[in-house]
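Computed from the coordinates by the stated procedures, all read-outs in this text should not be read as laboratory data. Model, not experiment: these values are computed from the prediction. Don't worry about glycine lacking a Cβ; one is built from the backbone with ideal geometry, like all the others, and counts go over all protein chains shown.
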Amino acid sequence: MRNILAVVLLISVWTLTAQERQSATQIHPGQVWNDANGHPINAHGGGILFHGGIYYWYGTHKIEGLSEKTFADGGIHCYASTDLLSWTDQGMVLSIEKDDQRSDLAFGCNFDRPKVVYNAKTKKFVAFFKLYLTGKGSETGYVGVALSDSPSGPFSYSHKFLGADSPNGSGDYAMFQEENGDLYHLTVRKPDKAFVVGKMRKDYLLPEKAYELCQGVTAKTEAPAIVKRNGVYHLVASGSTGWDPNPARYFTSKSLTGPWTFQGNPCEGVNPDNGLGKEKTYGGQSTFILPVAGRREAYIVLFDINKPENPYDSRSIWLPVTIKENKFLISWMDGWDMSFFGE
């Protein structure tokens with residue numbers, strides 16, 4: 001099945017027009033990014049899973065014509081690629097329940113920042129997402145869980161849990177999977193906004209034990225994205241200013257619980273479309289750090305430009321990482337490709 005999908009993805013690239021092929025040879029941060037069918041990619045606040053030689057991009061599907069004030073979230077949309085440039089639409093892999101107001105996923109819920117990991121023990125693909133229930137506001141934040149036998153879905157909703165050992169749950173989060181398969185939930189705790197980490201059970205469905213404070217990570221740290229390099233964890237995140245952008249925060253540590261060392265703002269340069277630089281993270285907010293398969297020292301940081309009045313038109317910023325003195329540096333580039341990382 002995986003080989004068939006890989007062939008389909010390659011054919012989709014070959015059948016693009018010359019103009020589409022040219023645009024698919026570079027990543028253009030902050031610009032409209034079309035899929036292989038010429039439609040804007042609709043996957044916001046998401047992350048990437050590399051499985052079976054294919055990248056799967058999962059994000060929140062935003063409903064055209066709705067604003068965040070009227071709840072624009074429609075579920076998880078998935079795209080697949082073999083080269084990180086041309087993406088084939090895999091459709092909605094988990095949808096909001098429009099006709100069942102008793103469901104946790106009833107229309108009107110806030111459904112954000114989906115991440116998918118593969119559990120080699122259970123052979124299940126596990127999707128996580130930040131979930132605020134319909135009509136309940138944002139005081140209590142759940143983590144939603146859905147399961148699938150395939151990376152391209154469909155996913156079946158399983159349950160929700162309150163993370164961070166708090167009756168109010170948690171907010172923005174990252175899932176980090178160690179080389180041995182252990183999975184960790186790193187999140188901002190409600191309501192005090194401390195940053196904490198909890199280990200998940202072997203089946204990934206629920207936290208296994210008590211959460212611990214990430215010593216050294218500043219309170220009110222949101223939008224975490226994490227990767228491990230040479231035994232050191234690198235955490236890129238943001239402050240807490242609602243939908244408005246703020247300076248990126250960058251921390252490193254040899255342990256998930258810390259001590260974490262604040263390394264300042266890793267960004268430099270200016271987004272020419274909006275004139276925003278490092279002081280506003282180009283108008284974006286971090287969502288994920290992607291290690292590029294088959295390339296040494298190759299990492300891409302994903303940001304979202306949030307447009308709360310028209311989230312359907314929100315844009316993605318993908319920028320490569322330069323490693324300088326064992327620290328991450330993220331520089332604005334109008335266009336770039338994988339040759340940035342060398343051969």
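How would you order 323-330, 287-294 from highest to lowest mean count of nearby Cβ atoms within 10 Å?
Taking the mean over residues of other Cβ atoms within 10 Å, the ranking is 287-294, 323-330.
Plugging the Kirkwood radius over Cα pairs into Stokes-Einstein for the range 129-287, at a temperature of 25 °C and a viscosity of 0.890 mPa s, what D comes out in µm²/s? Write down the numbers at each step before the final one.
Working: Rh = 16.6 Å.
Here the translational diffusion coefficient equals 148 µm²/s.
Output the peptides 102-109, 192-199 sorted from most to least packed, where packing is the average of other Cβ atoms within 10 Å over each peptide's residues.
192-199, 102-109
Taking the Cβ of Val117 as the centre, find all other residues whose Cβ is under 14 Å away and add up their charges (Lys, Arg: +1; Asp, Glu: -1).
Summing Lys/Arg as +1 and Asp/Glu as -1 gives +4.
Please work out the C-alpha center-to-center distance from the range 41-77 to the range 200-227 and express it in whole Å.
About 22 Å separates the Cα centre of the range 41-77 from the one of the range 200-227.
Normalised by the empirical 2.2 N^0.38 Å for globular proteins, what value does the Cα Rg of the range 158-240 take?
For the range 158-240, the normalised Cα radius of gyration is 1.05.
Using only the alpha carbons of the chain, what is the convex hull's orientation-averaged projected area in square nanometres? Walk me through the numbers on the way to the answer.
Working: hull surface 65.5 nm².
Over all viewing directions, the chain projects a mean Cα-hull area of 16.4 nm².
Where both partners of a DSSP beta bridge lie in the range 2-341, what percent of those bridges are antiparallel, to the nearest 5? Write down the numbers at each step before the final one.
Details: 86 of 90 bridges.
Percent antiparallel among DSSP bridges in the range 2-341 is about 95.
Tally Lys and Arg at +1 and Asp and Glu at -1 over the other residues with C-beta under 15 Å from the C-beta of Val232: what net charge comes out?
+1
Under unit Cβ charges (Lys, Arg +1; Asp, Glu -1), what dipole magnitude, rounded to 20 debye, does the range 160-294 have relative to its Cα centre?
Here the range 160-294 has a charge dipole of around 200 debye.
What FRET efficiency, computed as 1/(1 + (r/R0)^6) with R0 = 35 Å and r the Cβ-Cβ distance, is obtained for Trp243 and Arg296, rounded to the nearest 0.05?
After rounding to 0.05, the efficiency reads 0.40.
Counting Lys and Arg as +1 and Asp and Glu as -1, what is the net charge of the other residues whose Cβ lies under 12 Å from the Cβ of Asn168?
In short, +1.
From the C-alpha gyration tensor of the range 201-343, pull out the three semi-axes of the equivalent ellipsoid (sqrt of 5λ each), sorted largest to smallest, in whole Å.
Its equivalent ellipsoid spans semi-axes of 25, 20, 15 Å.
In the range 147-172, which residues have a backbone nitrogen under 12 Å from the label point lying 7 Å from His51's Cα in the Cα-to-Cβ direction?
Output list for this probe position: 147-156.
Let me know the charge dipole size of the range 99-228 about its Cα centre in debye, to the nearest 20, where only the beta-carbon of Lys, Arg (+1) and Asp, Glu (-1) is charged.
120 debye
Straight-line reach from Lys121: which aspartates and glutamates have Cα under 13 Å away, leaving out those fewer than 8 places along the same chain?
Here the aspartates and glutamates satisfying the reach criterion relative to Lys121 are Asp149, Asp182, Asp203.
Classify the range 29-146 from the C-alpha gyration tensor, please: rounded if a/c falls under 1.5, else prolate or oblate depending on whether a/b exceeds b/c.
On the way: a/c = 2.21, a/b = 1.32, b/c = 1.67.
It comes out oblate by the Cα gyration axes.
So for the range 2-341, taking the charge dipole from beta-carbon charges (+1 Lys/Arg, -1 Asp/Glu), which of Thr221, Phe303, Gly198 sits furthest toward the positive end?
Gly198
What does the extension gain come out to for Asn310 and Asp182, with contour length at 0.36 nm per residue minus their alpha carbon separation?
My answer for the length gained is 42.3 nm.
Going through the cross-link list Lys115/Lys327; Lys193/Lys228; Lys199/Lys327; Lys130/Lys209; Lys123/Lys324, which pairs have a Cα-Cα distance over 29 Å in this structure? Can you show the working numbers first?
Values: Lys115/Lys327 25 Å; Lys193/Lys228 24 Å; Lys199/Lys327 26 Å; Lys130/Lys209 20 Å; Lys123/Lys324 38 Å.
Table pairs above 29 Å Cα-Cα are Lys123/Lys324.
Name the residues of the range 243-259 whose amide N is less than 20 Å from a point 7 angstrom out from the Cα of Glu325 along the C-beta direction?
Output list for this probe position: 248-254.
Under a point-charge model restricted to the Cβ atoms of Lys and Arg (+1) and Asp and Glu (-1), what is the dipole moment magnitude of the chain relative to its Cα centre, in debye to the nearest 20? Before the final figure, lay out the partial values.
On the way: 34 positive and 36 negative charges, 187 e Å.
Using Cβ point charges on Lys, Arg, Asp and Glu, the chain gives about 900 debye.
Looking only at Asn42, Asn265, Asn180, which one moves most when the chain is put into a Gaussian network model with springs between Cα atoms under 10 Å?
Asn180
Between Ser316, Ser156, Ser255, which gets the highest mean-square fluctuation from a Gaussian network model of the chain, Cα cutoff 10 Å?
Judging by the Gaussian network model, the answer is Ser255.
Over the chain, what is the relative contact order in percent, taking alpha-carbon pairs closer than 8 angstrom and at least six residues apart?
It comes to 14 percent, rounded to a whole number.
Can you put Phe176, Phe50 in order of Cβ neighbours within 10 angstrom, beginning with the fewest?
By the 10 Å Cβ count, ascending: Phe50, Phe176.
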